[in-house]
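The structure appears below as structure tokens.
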Amino acid sequence: SVIYLKDYTVPAFLVETVDLRFELDATATCVESVLRMRRNPQASPDESLCLFGHDSLELLSLSIDGVDLPSSAWLRQDEVLRLTVQLNETFELRCVTKINPEANTALEGLYLSDGMFCTQCEAEGFRRITFYPDRPDVMAVFTTTLIANKNEYPILLSNGNPVAQGSDETNHWVTWQDPFPKPAYLFALVAGDLSCAEDTFITQSGRAVKLQIYAEAKDLDKLGHAMESLKQSMRWDERVYGREYDLDIYMIVAVDFFNMGAMENKGLNIFNTSCVLAHPRTTTDAAFQRVESVVAHEYFHNWSGNRVTCRDWFQLSLKEGFTVFRDQCFSADMHSAAVRRVEDVTLLRTAQFAEDAGPMSHPVRPESFIEISNFYTLTVYEKGAEIVRMLHTLLGESLFRKGTDLYFDRHDGQAVTTDDFVACMEAVSQRDLTQFKRWYSQAGTPRLDVIDDYDADQGTYSLRFIQSTPPTPGQTEKYPLHIPLNLALFDSNGEVIPLSNGQSSQLLELTNEETTFVVEGLHEQPIPSLLRGFSAPVKLFYPYTEEQLSFLLTYEMDGFSRWDAGQQLAVRLLQARILKGGKVEEELPKTIVAAWKVLLENASDDPAMASLLLTLPTEAYLSEISSVIDVDAIFHARRTVRRQLAQALETQWLTLYNEMGSEERYRPDSSEMARRSLKNTCLSYLMALDSPTYLALAEQQFAESDNMTEQFAALSAVVYSVFTDSAREMLDEFLNQWQHESLVMNQWLALQAADPKAGALSRVKALLEHPVYDSRNPNKLRAVISTFCNQNTVNFHGLDGEGYRFLADKIIELDKQNPQVASRLLTPLTRWKRYDDQRQALMKAQLQRIIESGDLSGDVYEVLSKSMA
Ligand code: ARG
Ligand code: ZN
């Protein structure tokens, strides 16, 4: 059934305290909960008490104020248990349930990961543990006692501080108390045989906080980076937001079976191993950076999410958009701000824009949903972060900080809305942000068309901005948005022209469908740089000439805009080739070769940025900007241009490759990561030449490197080359070397799943039978199935339709096991409208087949029904 934002009502009953007692057992865990409840004075007095509880709960007993209730005292329907007895203003509700963690393959609620107990309660997992008013605006103080066999589960963890413990011959128990009221989605417990890395952090006010990161003993050597990242995050949040940590202990636990990246449970974060473990030998630089940013993200949630939480799930972006913005700024401070901005915009422009253009398009604050898990999306997270960034841009650093101070102060301990967040920004800035709030409620990617005109006689230059948003499912009418546009004008010498504010750039606020901006007193036609820093999440259309793009690539100082000029230059060329089917080998335009040559010559000034500048737009981005996605033409065009760029500048690539080499031992710092990144970009271009000389180079790098970044880059370069025998050998050698490292094996699987050579589907099917594969583990499913369907475009979209059939088969199978993961895997099939008629028909047939396969989860049903509407 569909849930609507407009139907929100306050909870009828509030929970003051919760006492939980778990007798942990793999197949029969007994959960006792005692809730001190009271009627909410703000709710209507005749509402009955409703508790949520999943079908899988076995209800053993229910009592009120010590009196057992007969089963006639409640109605249990779907996920709701409604009490039909008269209740006092305050009372104690006791509930005993039995659950089976081992049978829990959905990985929501309490489940087993490699033999250890763990939980995932966001968004609605707590109702798989016990009956409870499981909604984020019901906040309570939790006390949790865990009882388990002391040999099998020597470590027992929950939220807050340990306050008591004891043991007998076989079992032991620990009681944890979390003094901060919280919604049930932030509850967590862990029990298992775990090792831990420990450290201490002294907060700005001088309190000592114990930091612990738990993992299986074999991974104890992979926790240092997460620990460093945690301490850096804690310091950063004090410095930049004035936020201090509030408990005496902060724990992170790494688990191998996890649906998402990580979870910010109060005082006890639970992480996918892929987002916490890192070691130079087994982990690439990209993964090191991901660990750093996910650790920061979950830590920042302690304030933006936990101390101040969401009133209802429609407000999810209140915590996620804001927290993503916070983690983006943190990484920008730790490394290169321009590089991080390019990465964030790339994700937004490819994946979020594609989501906006698909059947699941929704506003950052959705109006309705069937299954909230389907709304942990790029729109809520990434576009949500762009909204917060725009507020930051409009208000400026210092007012924005005043706004967040007010927000944390005013709403500490509350469950609030995105309107409450914006209200704080309005209060400190005295601005009216009513129109701005449309960013939360209006779905779709706005389009901004720019037309300019230069009047040489008058020396006036005018820019006309026209904004529009195409209709999205369920939202046909669109209104103008409040768009901050950062603008600079350049003269022909490459100097910025001071604008009317006396500055080198100006922030325009476009609020109407059409706005014209005029600059006077010019001596020549300027070159505009529009949307510097990607100041708003829009699609910009301005008819740049190739010369203008090359000019901006040379002179623009804004890192994002400079990079984008280079990308757009490449997009031009690629699009022209795509129109011709992609395989043509006509000569490369001089502008491109000249531009790439200059980039290569200056690359060592900023290797991280150079690596991005030298990388062609991805297939995903080229697809997103196509009207009809021509999978093969995109693939071949990109591939051909890469090879031609490799040929045209072969000596430059090789010189730079050698220059970026190093005899030093591995260090995971920014400058070393940048160097390796550029070096590997060079290697991949060189390998495009199909030359045995460069194969030897890659083999040497593979054999000699002391770190996964270089080893894996060499392996990838060879696997994607024409040297199939060498590739096979190298893959086998890699497997032998790393078969006991689960995360490394994910990479090994994913690399092969993405290999575009013919016959990919049968290779993928063989991977599913390989001993390192495990169909119960979401990381493995993603590594093989998701990688094949999203990255191996030429094979997934093969015209025999077998790729589509394969995915449909997997969804049907997986939906019974893990609906959340099944629903996510479905994405590529839902985008059928973007392809040619033949593929559309094939994709729709498979969607139809899934629909007809029988009983579907709400997760998969929602996505399917919206895709076929
Ligand atoms: N709050 C977590 C994070 O962004 C994500 C949890 C997602 N859980 C889910 N069931 N979809 O850090
Ligand atoms: Zn989050």
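Bear in mind that the values in this text are calculations on the coordinates, not laboratory data. Owing to the predicted nature of the structure, the values given are computational and were not obtained by experimental measurement. Every residue, glycine as well, gets a Cβ built from its backbone with ideal geometry; the counts of neighbours run over all protein chains shown.
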Requested in this report: Within region 278-307, track down each residue that is of a type in the set (A, V, I, L, M), in contact with a Phe, Trp or Tyr (Cβ under 7 Å, 6 or more places away or on another chain) and either away from ligand 1 (no atom under 14 Å from the Cβ) or free of Cβ contacts under 8 Å to residues at least 24 places away in the same chain (or both).
Outcome: Ala278
Query raised in the report: Restricting region 834-861 to residues that are over 24 Å from Ser623 (Cβ atoms) and touching a residue at least 60 places away in the same chain (Cβ under 8 Å), which is nearest to the chain's Cα centre (by Cα)?
Result: Asp859
Query raised in the report: Mind checking whether some residue in region 326-348 is assigned to a helix (DSSP H, G or I) and within 25 Å of Glu371 (Cα to Cα)?
Result: yes
Query raised in the report: Of the residues that sit in region 420-449 and are touching a strand residue (DSSP E or B) at 6+ places or on another chain (Cβ under 6 Å) and aliphatic (A, V, I, L, M), which one is nearest to Ser535 (Cα to Cα)?
Result: Leu448
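Determine which member of the set Gly403, Gly396 is more than 14 Å from ligand 1 (Cβ to nearest atom) and without any contact (Cβ under 8 Å) to a residue 12 or more places away in the chain.
Gly396
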Requested in this report: Could you identify the single residue in Val276, Val295, Val308 that is touching a His at 6+ places or on another chain (Cβ under 6 Å) and within 16 Å of ligand 2 (Cβ to nearest atom)?
Outcome: Val308
Requested in this report: Say whether the condition of being touching a Pro at 6+ places or on another chain (Cβ under 7 Å) and either within 15 Å of ligand 2 (Cβ to nearest atom) or in contact (Cβ under 8 Å) with a residue 60 or more places away in the chain (or both) is met by at least one residue in region 314-331.
Outcome: yes
Query - Condition met for Glu152 (assigned to a strand (DSSP E or B) and farther than 26 Å from Val18 by Cα) - result: no
Query raised in the report: Hey, Lys583 hits all of (1) under 21 Å from Ser684 (Cα atoms); (2) assigned to a helix (DSSP H, G or I); (3) over 32 Å from the mean Cα position of the chain (by Cα); (4) not β-branched (Val, Ile, Thr) but one; which does it fall short on?
Result: (2)
Query - Answer residue from region 216-235, given it is assigned to a helix (DSSP H, G or I) and charged (D, E, K, R) and is farthest from Val744 (Cα to Cα) among those - result: Arg235
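Among the candidates Lys319, Lys383, which residue alone is within 16 Å of ligand 1 (Cβ to nearest atom), part of a helix (DSSP H, G or I), in contact with a His (Cβ under 8 Å, 6 or more places away or on another chain) and of a type in the set (D, E, K, R)?
Numbers: Lys383 fails: in contact with a His (Cβ under 8 Å, 6 or more places away or on another chain).
The match here is Lys319.
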Report summary line: Counting only helices (runs of 4 or more DSSP H) wholly inside region 790-869, the ones holding at least 1 residues that are among the small types (Gly, Ala, Ser), surrounded by fewer than 18 Cβ atoms within 10 Å (Cβ to Cβ) and more than 16 Å from ligand 1 (Cβ to nearest atom) are 837-851, 858-868
Query raised in the report: Residue check, Arg638 against (1) touching a Cys at 6+ places or on another chain (Cβ under 8 Å); (2) within 27 Å of Asn792 (Cα to Cα), all met but one. Which one?
Result: (1)
Query raised in the report: If we scan region 754-762, do we find a residue that is assigned to a helix (DSSP H, G or I) and basic (Lys, Arg)?
Result: no
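Kindly evaluate Arg365 against the criterion of being within 12 Å of Ala443 (Cα to Cα), away from ligand 1 (no atom under 15 Å from the Cβ) and buried (at least 20 other Cβ atoms within 10 Å of the Cβ).
Numbers: within 12 Å of Ala443 (Cα to Cα): yes; away from ligand 1 (no atom under 15 Å from the Cβ): yes; buried (at least 20 other Cβ atoms within 10 Å of the Cβ): yes.
The answer is yes for Arg365.
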Report summary line: When region 82-93 is checked residue by residue, the ones that are within 15 Å of Val15 (Cβ to Cβ) and not in a loop (DSSP other than H, G, I, E, B) are Leu83, Thr90, Phe91, Glu92, Leu93
**Report entry** Flag if His297 is within 18 Å of Glu122 (Cα to Cα) and in a helix (DSSP H, G or I)
**Finding:** yes
Report summary line: Counting only residues in region 322-345 that are of a type outside the set (Ser, Thr, Tyr) and within 16 Å of ligand 1 (Cβ to nearest atom), the one farthest from Met263 (Cα to Cα) is identified as Asp344
Query raised in the report: So which of Ala254, Ala286, Ala208 ends up being more than 16 Å from ligand 2 (Cβ to nearest atom) and crowded, with 20+ Cβ neighbours inside 10 Å?
Result: Ala254
Report summary line: Residue hits (region 257-266; assigned to a loop (DSSP other than H, G, I, E, B) and either within 16 Å of ligand 2 (Cβ to nearest atom) or in contact with an Asp or Glu (Cβ under 6 Å, 6 or more places away or on another chain) (or both)) are Phe258, Asn259, Met260, Gly261, Glu264, Asn265, Lys266
Query raised in the report: Wholly within region 1-70, which strands (runs of 3 or more DSSP E) include no fewer than the required count, namely at least 3 residues that are of a type in the set (Lys, Arg)?
Result: 29-39
